[in-house]
Amino acid sequence: MSGLLRYGTIGALSAALAACAAKQEPVVAPPPPPMPQVVIPPKPRPPLGAANVLAIPPLNAAGMRQTVNLNISPAQTIWNFRSAYNVAALNCMHAEHVDILGGYKAFLKANAKRLTAVNKDVDKEFRAAKGAGATKARESYMTQVYNFYALPPTMPAFCDVALAVSREGATVPAKGLDDFAKQALPRLDRVLLDFFNSYDQYRADLAAWQQRYTPTSPVIAPAPVATAPAASVPAPR
């Protein structure tokens, strides 16, 4: 009897343990750690509020910008300086730049004879290079010269430099025009060249941003630039 009780007690105990095991909650694995958040930096923006897509003069193999002023003749240098000055006189309308217009008028008057001769020299250079198409070629080129200096994002800085150049030019005698134009034109150009370098950096930053965050974005190629007849002796830059 005692044996049956012992075996019955063991059986009941085993059944109770089995029932307890059946009632235990299943073991749940802990949730995976949260994925690290990717912070997307702001999309690069063009310098000076420029357009998102802007054709700028490319660099040549020597690392120089292929602008309208690359390798131009001494006569074209003077004429392009006059053109840049004209752009400033017509577009720099803020009160702080008021002296530019008066300076430009005085510049034309004081250098009328020399500018007439330079204009004839430039015509000769285009005829020698373009033949019957000289007039059309010069008009097309000069349109690009004016557009080059009238680039809206650079106008504030351009006007500041043009004002300084205008005031310095007021004391230059007519016989000193050639040398003055030779050193003043690169100063005006520097405003544009600095902007182009900044825009190149923007495009590089944008390409890197797009490659990481939007890899299917298109790449924009620069547009060609018209040139003046090549000079036998490049103007100093």
Task: Residue under evaluation Thr227, criteria (1) closer than 27 Å to Val118 by Cβ; (2) surrounded by 15 or more Cβ atoms within 10 Å (Cβ to Cβ); (3) at pLDDT 95 or above, criterion not met - done: (3)
Open item on the list: modelled with pLDDT of 70 or more and small (Gly, Ala, Ser): is that true of Ala16 in this structure?
Closed with: no
Task: Residue count for region 29-63, restricted to those that are under 18 Å from Met155 (Cβ atoms) and exposed (fewer than 10 other Cβ atoms within 10 Å of the Cβ) - done: 1
Task: Condition check for Lys43: modelled with pLDDT under 90, among the charged types (D, E, K, R) and over 18 Å from Gln144 (Cβ atoms) - done: no
Open item on the list: Among the residues of region 64-72, are any surrounded by fewer than 20 Cβ atoms within 10 Å (Cβ to Cβ) and part of a helix (DSSP H, G or I)?
Closed with: no
TODO: Identify the residue in region 109-142 that is touching a Phe, Trp or Tyr at 6+ places or on another chain (Cβ under 9 Å) and touching a residue at least 24 places away in the same chain (Cβ under 8 Å) and, among all such residues, is nearest to Ala84 (Cα to Cα).
DONE: Met142
Task: Thr116 being under 32 Å from the mean Cα position of the chain (by Cα), surrounded by fewer than 16 Cβ atoms within 10 Å (Cβ to Cβ) and closer than 29 Å to Val172 by Cβ - done: no
Task: Residue, surrounded by the fewest Cβ atoms within 10 Å (Cβ to Cβ), within region 161-174, restricted to residues that are free of Cβ contacts under 8 Å to residues at least 40 places away in the same chain and in a helix (DSSP H, G or I) - done: Ala164
Open item on the list: Restricting to region 90-108, and then to whatever is free of Cβ contacts under 8 Å to residues at least 40 places away in the same chain and assigned to a helix (DSSP H, G or I), can you tell me which residue is nearest to the chain's Cα centre (by Cα)?
Closed with: Leu90
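The values are calculated or read from the model by the stated rules, or taken from the named source; none is laboratory data. Computed from a prediction, not measured in an experiment: that's the story for all the values here. Cβ coordinates were reconstructed from backbone atoms using ideal geometry, including for glycine residues, and neighbour counts include every protein chain displayed.
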